[in-house]
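Undergrad: This is the structure, below, for whatever I ask next.
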Amino acid sequence: MSIFSKLYRGETRFDFIGTRRRWYAASALLIVICILSIAFRGFNVSIDFKGGTQFQLPKGANVTVTSAQNAMQSAGQTPEGAAQQVGSGSNSQIIIKTKELSQQEQSDVVAKMATALKINKSDITIDSVSSTWGSEITTKAVQGLIAFLIFVFIYIAVRYEWRMGVGALVALLHDMIISAGIYSIVGFELTPSTIVGLLTILGFSLYDTVVVFDKVNENAKDLGATARMTYGEAANLAVNQTLMRSINTSLISLLPVAGLLFVGAGLLGVGTIKDLALILFIGLAVGAYSSLFLATPIVVELKERQPENKILAKRVQAKRANAARTGDPALATAAAATAPRVAGVPAPAPRPGARPVRKARKRP
């Protein structure tokens, strides 16, 4: 059976739980890189958060990114960051930002820039945000993220248990840090649309995580009575069974977002959507990863420390050792069906010198 057929049927045997240490290491490395970028490089924050004045003027023969910056400096104001070109063709615009300016200062800048660039003053549009309002927006954005994370933890803890709440919360924090770090590295502008996109992808990641948790609970039901597999094995089986669903939902979500990012913002130059498209693209990919490689393994780490699950693991090992020693076909078949799937547990070896069990043939 091909790998695609096994994926479709949920019959893959990838050892997600047994190899969790390497995924922890990979995530830790990415988080360190992102935190360093955030600490030393920072963000390209829009005026909606920090306050300031933004001048937008149509690109033309006399109006380029360089000439606009020079005109701003000749008007007595220092641009905050490099001027940006958005749009394409006849719709191209140059955006240049400064600190917060008074009405009189704005009028003086517009008059001097229009003269230097040989354009009409009416061609220059102004968008001004006070630093107080920007500070309020930043505070509300942070409060919204904190409230969302608290609600998620309470919901998962009540719906399942607190250990799964911890796994989901760690996965969401992982998604936030990596998404923010990549934003810092790329240098795209951080706008209110970015926060909306971040909340959207956190919701997607949570949905994917809950789907896996549901399957884990289903597989772990009555494990203490049957001792057919350990909790880690049941969790790994659940991840394999939901793997194709996670891949499908992620691809279906990523394709239109990739169109927005690479075609809309990249080829067509629609700069107004690139901040939202980038956070969605990054977040959807990272969210799918964390649901499979972080959330469930963290739950297994916590659950396997429980006394009842330690006892269960010993019972499963004893049962499989007995199957290998006695050559019981029923026990051996059950052990072989589960042991190779998960947590790196090998299939039970046959008893030394034991002869393979064969079914008796019926005589004609």
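What follows draws every value from the coordinates through simple rules; no lab data is involved. The structure displayed is predicted, hence computed values, not measured ones. Every residue, glycine as well, gets a Cβ built from its backbone with ideal geometry; the counts of neighbours run over all protein chains shown.
Undergrad: Explain nothing, just compute: Karplus ³J(HN,Hα) = 6.51 cos²θ - 1.76 cosθ + 1.60, θ = phi - 60°, for every residue of the range 219-227 in order, whole Hz, x for Gly and Pro.
TA: 6, 7, 5, 6, 5, x, 7, 9, 6
Undergrad: According to the square roots a ≥ b ≥ c of the eigenvalues of the Cα gyration tensor, what is the shape class of the range 135-263, taking rounded for a/c under 1.5, prolate for a/b larger than b/c otherwise, and oblate for the remainder? Provide the component values of the computation, followed by the final result.
TA: Numbers: a/c = 3.10, a/b = 1.69, b/c = 1.83.
Oblate, because a/c is 1.5 or more while a/b does not exceed b/c.
Undergrad: Let me ask another. Based on the alpha carbon coordinates of the range 52-129, what radius of gyration and maximum Cα-Cα distance (Dmax) apply, in Å?
TA: Cα only, the range 52-129: 11.1, 33 Å (Rg, Dmax).
Undergrad: Something else about it: With a 10 Å radius around each residue's Cβ, average the other Cβ atoms per peptide and rank 244-250, 189-195, 54-60, 288-294, highest first.
TA: On the way: 244-250: 16.0, 189-195: 20.7, 54-60: 19.0, 288-294: 24.0.
The most tightly packed comes first, giving 288-294, 189-195, 54-60, 244-250.
Undergrad: In whole Hz, with x marking every Gly and Pro, tabulate ³J(HN,Hα) for the range 183-195 from phi via Karplus 6.51 cos²θ - 1.76 cosθ + 1.60, θ = phi - 60°.
TA: Result, rounded to whole Hz: 4, 5, 5, 5, x, 5, 6, 8, 10, x, 4, 5, 5.
Undergrad: Sequence-distant or interchain residues sharing an amide H contact under 5 Å with Asn44, placed H: which?
TA: Leu190
Undergrad: At 7 Å along Cα-to-Cβ for each site, give me the label-to-label distance between Ala225 and Phe262 in nm.
TA: A separation of 5.1 nm, rounded to one decimal place.
Undergrad: Here's another thing I want to ask about it. By the scheme Lys and Arg +1, Asp and Glu -1, what is the net charge of all other residues having a beta-carbon under 15 Å from that of Lys221? Don't skip to the end; give the middle numbers.
TA: Working: positive: Lys215, Arg228, Lys303; negative: Glu161, Asp214, Glu218, Asp222, Glu233, Glu308.
Every neighbour counted, the sum reads -3.
Undergrad: Here's something else I'd like to know. If you plug each phi of the range 98-114 into the Karplus form 6.51 cos²θ - 1.76 cosθ + 1.60 with θ = phi - 60°, what whole-Hz ³J(HN,Hα) values come out, in order, with x for Gly and Pro?
TA: Each residue of the range 98-114 in turn: 9, 5, 5, 10, 6, 4, 5, 5, 5, 5, 5, 5, 4, 5, 5, 5, 4 Hz.
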